[in-house]
Amino acid sequence: MIDEKKIESAIRLWMEGIGEDVDREGLKETPQRIARMSAEIFGGLSMDAADHLKKTFPAVNNEMILEKDITFYSMCEHHLLPFYGKAHIAYIPKERVVGLSKLARTVDIFARRPQIQEQMTAQIADAIMDHLVPEGVMVVIEAEHMCMTMRGIKKPGTHTLTYVCRGSFQHDLEKQRTVLDLIRS
């Protein structure tokens, strides 16, 4: 899916466009490095969350599962600058659960694309609802956006918090508060 030659050509043009000497020693291999990096940081474009969420295990008497502090890195689709932070996923299973690493992998799949935080939050929640079919899910993401830190408003340390509730979490403020309290603890 990643066309490394196109990326290399684009990076060379971009560096020329900002006035750099693309043949100077420090930059000679930069287009190739950026092409290889692109395959890694945008690898989620060729992945499907279903691949990780389809293997489940029986579990009974679970009221809620919360996996918190899942570190992620993504790229803002508006400026192609990073945003990064922590994702927290709570869900109430219906007799089946998924391996804990699969929740973190689901975050990575959606983070490793040109993305906006608001959409990423919803995509994670929807994938869990679609593939695990739990009673409900709540996804909370807190991130710092380099497009706000390095450019424009230049406000380092500003964090954006988004959350999405599906199923039984959607209208149950007590469940939402419980998740938020557990995240803070």
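Computed from the coordinates by the stated procedures, all read-outs in this text should not be read as laboratory data. The shown structure was predicted, so the numbers you read here are calculated from the model rather than taken from an experiment. Here Cβ is always computed from backbone atoms with ideal geometry, including for glycine, and neighbour counts include all displayed protein chains.
Ranking request for peptides 22-34, 116-128: highest mean number of other beta-carbon atoms within 10 Å first, then the rest in descending order.
Details: 22-34: 12.7, 116-128: 19.7.
Ranked by mean Cβ neighbours within 10 Å, highest first: 116-128, 22-34.
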* To do: Calculate I(q)/I(0) for the chain by the Debye formula, one identical point scatterer on each C-alpha and no solvent, and give its log10 at q = 0.12, 0.16, 0.18 Å⁻¹ to two decimals.
  => -0.65, -0.98, -1.15
* To do: With +1 on each Lys and Arg Cβ and -1 on each Asp and Glu Cβ, and nothing else charged, work out how big the dipole of region 55-163 is about its Cα centre, in Debye to the nearest 20.
  => 360
* Relative contact order (percent) for the chain, with alpha-carbon contacts under 8 angstrom and 6 or more residues of separation? -> 20
* Lys, Arg +1 and Asp, Glu -1 on Cβ, resulting dipole of the chain about Cα centre, debye, nearest 20 -> 180
* Asked: Angle between the Cα long axis of helix 100-111 and the longest principal axis of the chain, 0 to 90 degrees, nearest 10?
  -> 40
* Structure fact -> HN-Hα couplings for region 10-16 via Karplus (6.51, -1.76, 1.60; θ = phi - 60°), in whole Hz with x for Gly/Pro, come out as 5, 5, 4, 4, 4, 5, 4
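In region 29-94, which chymotrypsin sites (Phe, Trp or Tyr not before Pro) are in a loop and have at most 10 other Cβ atoms within 10 Å, using DSSP for the loop call?
Details: sites: Phe42, Phe72, Tyr73, Phe83, Tyr84, Tyr91; in loops: Phe42.
Loop-located and lightly packed - none at all.
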* Given charges at beta-carbon only (K, R positive; D, E negative), |dipole| of region 107-185 in Debye -> 440
* Note the full-extension length gain between His171 and Ala122 as 0.36 nm times their separation in residues minus their Cα-Cα distance, in nm to one decimal. => 16.0 nm
* Structure fact -> The farthest towards the positive end of the charge dipole of region 38-138, of the residues Ala122, Gly136, Leu66, given +1 on Cβ of Lys and Arg and -1 on Cβ of Asp and Glu, is Leu66
